[in-house]
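Presented below is the structure to which this report refers.
The values are calculated or read from the model by the stated rules, or taken from the named source; none is laboratory data. These numbers come from a predicted model, not from an experiment. In this analysis, Cβ positions are derived from the backbone assuming ideal geometry, glycine residues included, and neighbour counts consider all displayed protein chains.
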Amino acid sequence: MNVPRANTASADARRASSPERAREEDRELLRRYHETGDTTAREELIQRHLPLVRSLARRYAGRGEALEDIEQVGAIGLIKAIDRFELEREVSLATYATPNVVGEIKRHFRDKGWAIRVPRALQELNASMSGAIERLTGRLGRSPSIGEIALELKTTPEEVLEAMEVGSAYSTVSLSSGPTGEEELDPLETIGGEDAEFERSEDRAALEPALERLAPREREILRMRFEEGLPQTQIAQRIGLSQMHVSRLIRKSLGVMREELLR
């Protein structure tokens with residue numbers, strides 16, 4: 001529900017200078033609305049008390065919901081308070097509306113603001129934690145410890161830590177979001193493949209006993225042939241042997257290794 005935000009600076013100034021007069025004006029508007037059904041009076045009451053809603057909504061900012069959305073929820077609480085107000089009440093509309101606005105915002109966070117289901121006790125502890133931290137910071141002149149927060153809230157440090165952790169349950173991140181949370185990725189693209197070196201490591205471990213049966217020269221010839229991928233002619237030039245001799249040494253070395261592996 002979108003509630004219009006009219007410029008209420010002049011009305012705010014009048015109410016600040018004369019609270020009693022503002023209260024009387026509110027009651028007159030309430031009388032017109034409840035007794036005669038004047039919806040114009042209702043709209044004026046909404047506009048006059050939107051600053052109160054915005055002030056209360058700011059207490060719940062930074063909890064995973066846009067401030068404007070919180071204000072809209074609070075405005076619903078204000079409208080309910082106007083509709084339920086009884087003219088016989090001695091309190092002002094602002095006093096009566098405050099718990100209604102706060103209650104509506106708390107219900108929103110409790111029932112709709114959590115992306116993951118969290119126990120009610122932890123939700124309420126998480127909601128009260130920011131106020132406790134603010135009070136302790138002003139009192140101590142520094143950031144409070146977990147133990148001090150727990151003492152202030154009459155709970156245990158373990159429950160404070162758990163309530164802090166569940167604060168991340170207000171929102172979720174899509175598996176398709178990139179590191180910045182903006183770009184879209186195929187989840188399959190983020191799954192790593194099997195490293196080819198794993199298989200090669202197993203092969204090396206299996207071949208090591210067979211290679212130990214060869215002379216250093218034969219091991220070097222096999223390394224150049226199968227690791228560097230050199231043809232027999234280049235190996236022969238490096239070793240100083242004929243290509244035919246190199247070919248015989250390779251066949252002989254592979255035969256020895258095959259016997260070792262089969263054994």
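Can you find even one residue in the range 34-55 that is modelled with pLDDT of 90 or more, touching a Gly at 6+ places or on another chain (Cβ under 6 Å) and within 22 Å of residue 102 (Cβ to Cβ)?
Yes: the range 34-55 contains one or more residues that are modelled with pLDDT of 90 or more, touching a Gly at 6+ places or on another chain (Cβ under 6 Å) and within 22 Å of residue 102 (Cβ to Cβ).
Restricting attention to the range 87-106, and to residues there that are in a helix (DSSP H, G or I) and aliphatic (A, V, I, L, M), which single residue is farthest from residue 61 (Cα to Cα)?
So, considering only residues that are in a helix (DSSP H, G or I) and aliphatic (A, V, I, L, M), the one farthest from residue 61 (Cα to Cα) is 93.
When the residues of the range 218-241 are narrowed to those that are surrounded by 12 or more Cβ atoms within 10 Å (Cβ to Cβ) and among the charged types (D, E, K, R), which ends up nearest to the chain's Cα centre (by Cα)?
223
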